[in-house]
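Asks: Got a structure here, written out as structure tokens. Questions coming.
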Amino acid sequence: MKIEEVLSLVRPHLRDLQPYSSARDEFDQSAVEKNKFIYLDANENPFDTGYNRYPDPYQHDLKKKVSSIKDIPANQIFLGNGSDEAIDLIIRLFCGEGDNILIPTPTYGMYKVSADINNITVKAQSLTENFQLPQSFQPDERTRVVFLCSPNNPSGNLLDIHLQNFNCIVVVDEAYIDFTSNPSFTKKLDQFPNLIVLQTLSKAWGLAGLRLGMAFARPEVISLLNKIKPPYNISSATQQIALKELQKDNTSIVQKIISERTRLANELLKIKTIKKVYPSDANFLLVKIDDAGNVYTNLIIDGIVVRDRSRVKLCDDCLRITIGTPEENNRLLEALKSAS
Ligand SMILES: *Cc1c(COP(=O)(O)O)cnc(C)c1O
């Protein structure tokens, strides 16, 4: 698809939307050195609390840092209050009455919830037995957005994605990209203007409580997301903390989680009630176990919470287990062994 075709998919009233103009957007800030201004424009409290001023609506400093880490220009980065905000804004940007989104099942639950909230039809197609896209996974003429999670939640595997098959917006959700050696789809943004890649600080960066999600796309698409977002969607505190955390090197922690994933998978396979441990490129394992519902309940009694996915399509008798610390994983293994 060409960028012009992508822009033609935008809901017309949003293409022409006059966005909220915040107080500090309305004059040339370079006129005087920034800290020399007296700000009487935004009805802020003038007494310094550290947070009395509104945050930077476009998060310039933080984006500069993300840009250098990800090797993506700052004008191709959107930051949201979690990836969940980006998912909602993408649906609102492209989907109107009568349009639909296409998702595989099983996958991350927020695509459907967000579409449902926006009253947008969800076309769901089952993945194959080994959790890959079937031949029949095709958008129709009213499909505006396809959501593909890779590595996929809850199966943990990478999807084999052929972007040229899709003549609509394709969102590749890479929440777990740091736990795989596969390259990111961000490398394909130049070639595919209809591509939006989502990543997050919630998993590999250990900052789920902070709520910071990232969307990478062509500058034209980023501008449109900026136009429809709440003006101050990322708080000053979040911007400051994220900037500080991104100075750190998270590779050794990610490596530790990956090596625990291998160890836990091997140990789980030694337990006789466990029928299958699915291969994982993420920070969790999907595990098929005899009588999963009961195992789930008994683990709770042992003080261990996993995710019961046994009623999810293709996941009969499956639990999704997040990789914990070595000690936590040992406790899980003991509990499962003593019950088997
Ligand atoms: C955990 C997860 C996210 C993260 O969402 P945030 O709102 O950024 O915390 C996004 N997508 C998938 C598939 C996930 O599993």
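Asks: Using the Cα gyration tensor of segment 108-160, with a ≥ b ≥ c the square roots of its eigenvalues, what is the shape: rounded (a/c below 1.5), prolate (a/b larger than b/c) or oblate (neither)?
Replies: oblate
Asks: To the nearest 0.05, how large is the calculated FRET efficiency for Arg142 and Lys275 if R₀ is 56 Å and r is the Cβ-Cβ distance?
Replies: 0.90
Asks: Please arrange Thr186, Thr325, Thr273 by how many other C-beta atoms lie within 10 Å of their C-beta, fewest to most.
Replies: Thr325, Thr273, Thr186
Asks: Now, a different point. Name the residues of segment 301-326 whose amide N is less than 18 Å from a point 7 angstrom out from the Cα of Lys337 along the C-beta direction?
Replies: Within reach of a label on Lys337: 302-304, 324-326.
Asks: With +1 assigned to the C-beta of every Lys and Arg and -1 to the C-beta of every Asp and Glu, and no other charges, what is the dipole magnitude of segment 76-153 about the Cα centre in debye, to the nearest 20?
Replies: Computed charge dipole of segment 76-153: roughly 60 debye.
Asks: Along the Cα→Cβ direction, 7 angstrom out, place labels at Glu5 and Asp41. What is the inter-label distance in nm?
Replies: Computed distance between label sites Glu5 and Asp41 equals 4.2 nm.
Asks: Give me Ile253, Ile161, Ile289 ranked fewest to most by other Cβ atoms within 10 Å of their Cβ, as a rough exposure proxy.
Replies: The order, fewest Cβ neighbours first, is Ile253, Ile161, Ile289.
Asks: Putting +1 on Lys and Arg Cβ atoms and -1 on Asp and Glu Cβ atoms, find which of Leu198, Cys315, Leu264 reaches farthest to the positive end of the dipole of segment 188-340.
Replies: Toward the positive end, the furthest listed residue is Leu198.
Asks: To continue, here is another question. Any idea what the relative contact order of segment 1-105 is, in percent, if you count C-alpha pairs under 8 Å spaced at least 6 apart?
Replies: 30 percent.
Asks: Also: Assigning unit charges at the beta carbon (Lys, Arg +1; Asp, Glu -1) and nothing else, what dipole magnitude in debye, to the nearest 20, does the chain show about its Cα centre?
Replies: Roughly 580 debye, rounded to the nearest 20.
Asks: Charges only on Cβ, +1 for Lys and Arg, -1 for Asp and Glu: so what's the dipole of segment 118-202 about the Cα centre, in debye to the nearest 20?
Replies: Around 180 debye, computed over segment 118-202.
Asks: List Glu327, Glu260 from most exposed to least, where exposure is judged by having the fewest other Cβ atoms within 10 Å.
Replies: Glu327, Glu260
Asks: Next question, about the same structure. Looking only at Cβ-Cβ distances, which cysteines of the chain have no other cysteine closer than 4.7 Å?
Replies: Result for the chain is Cys95, Cys149, Cys168, no neighbouring Cys Cβ within the cutoff.
Asks: Would you work out the relative contact order for the chain, in percent, from Cα pairs under 8 angstrom that are 6 or more residues apart?
Replies: 18
Asks: Starting from the amide H of Val146, placed 1.01 Å from N in the peptide plane, find each other amide H under 5 Å away whose residue is 5 or more places distant or on another chain.
Replies: HN-HN under 5 Å from Val146: Leu102, Ile169, Val170, Val171.
Asks: In nm, to one decimal, how far is the Glu97 label point from the Asn75 one, both placed 7 Å along Cα→Cβ?
Replies: It works out to 3.6 nm between the two label points.
Asks: A follow-up question, please. Loop only by DSSP, 13 or fewer other Cβ within 10 Å of the Cβ. Give me the GluC sites (Glu not before Pro) in segment 92-193 that pass, ordered by residue number.
Replies: Glu97, Glu129, Glu141
Asks: Something else now. Could you please tell me the mean projected area of the C-alpha convex hull for segment 104-226, averaged over all directions and given in square nanometres to one decimal?
Replies: Approximately 8.2 nm², given one-decimal rounding.
Asks: For a bin width of 10 Å, list the pair-distance distribution of segment 1-138 built from all Cα-Cα distances, rounded to whole %.
Replies: Each 10 Å bin holds this share of Cα pairs: 9, 24, 31, 21, 10, 4, 0.
Asks: Counting Lys +1, Arg +1, Asp -1, Glu -1, what net charge surrounds Ile323 among other residues with beta carbon under 10 Å of its beta carbon?
Replies: Result for the neighbourhood of Ile323: +1.
Asks: Along the positive direction of the dipole of the chain (beta-carbon charges: Lys, Arg +1; Asp, Glu -1; about the Cα centre), which of Asn167, Gly50, Ala124 reaches farthest?
Replies: Projecting each Cα onto the dipole axis, the largest value belongs to Ala124.
Asks: Hey, what did segment 196-319 get for relative contact order, percent, Cα under 8 Å, at least 6 apart?
Replies: Result for segment 196-319 is 13 percent.
Asks: Calculate for the chain the 222 nm mean residue ellipticity that helices alone would give, adding -39,500 (n - 2.57) per DSSP H run of length 4 or more and normalising by residue count, nearest 500 deg cm²/dmol.
Replies: -9000 deg cm²/dmol
Asks: Just to be sure I follow the definition: excluding the sites themselves, where is the longest run in the chain that has none of the chymotrypsin sites (Phe, Trp or Tyr not before Pro) in a DSSP loop with at most 16 other Cβ atoms within 10 Å?
Replies: 52-231
Asks: Among Gln59, Ile274, Ile234, whose Cα projects farthest towards the positive end of the dipole of the chain, with charges put on the beta-carbon of Lys, Arg (+1) and Asp, Glu (-1)?
Replies: Ile274
Asks: Subtract the Cα-Cα distance of Ser67 and Arg53 from 0.36 nm times their separation in residues, and report this length gain in nm to one decimal.
Replies: 2.5 nm
Asks: Okay, moving on. Among DSSP bridges having both ends in the chain, what percentage is antiparallel? Round to the nearest 5.
Replies: Looking only at bridges with both residues in the chain, the antiparallel portion is about 50 percent.
Asks: Looking at segment 227-296, which trypsin sites (Lys or Arg not before Pro) are in a loop (DSSP not H, G, I, E or B) and have at most 15 other Cβ atoms within 10 Å?
Replies: When the trypsin sites (Lys or Arg not before Pro) of segment 227-296 are filtered for loop state and at most 15 Cβ neighbours within 10 Å, Lys248, Lys270, Lys272 remain.
Asks: Hey, rough spin-label estimate for Lys123 and Ile253, points 7 angstrom out along Cα→Cβ, what's it come to in nanometres?
Replies: Each label point lies 7 Å from its Cα, and together they span 4.1 nm.
Asks: Give the residue list of trypsin sites (Lys or Arg not before Pro) in segment 1-89 that are DSSP loop and have at most 16 other beta-carbon atoms within 10 angstrom.
Replies: Lys2, Arg53
Asks: Given the chain, report the % of alpha carbon pairs whose separation exceeds 28 Å.
Replies: In whole percent, the share of Cα-Cα pairs in the chain beyond 28 Å is 49.
Asks: Another question, if that's okay. What is the local net charge at Pro219, summed over the other residues whose Cβ is closer than 13 Å to its Cβ (Lys, Arg +1; Asp, Glu -1)?
Replies: +1
Values in this text are rule-based calculations from the coordinates and carry no lab data. Fair warning: this is a prediction, and the values are worked out from it, not measured in the lab. Neighbour counts are summed over all protein chains in view; Cβ atoms, including those assigned to glycine, are modelled from backbone coordinates with ideal geometry.
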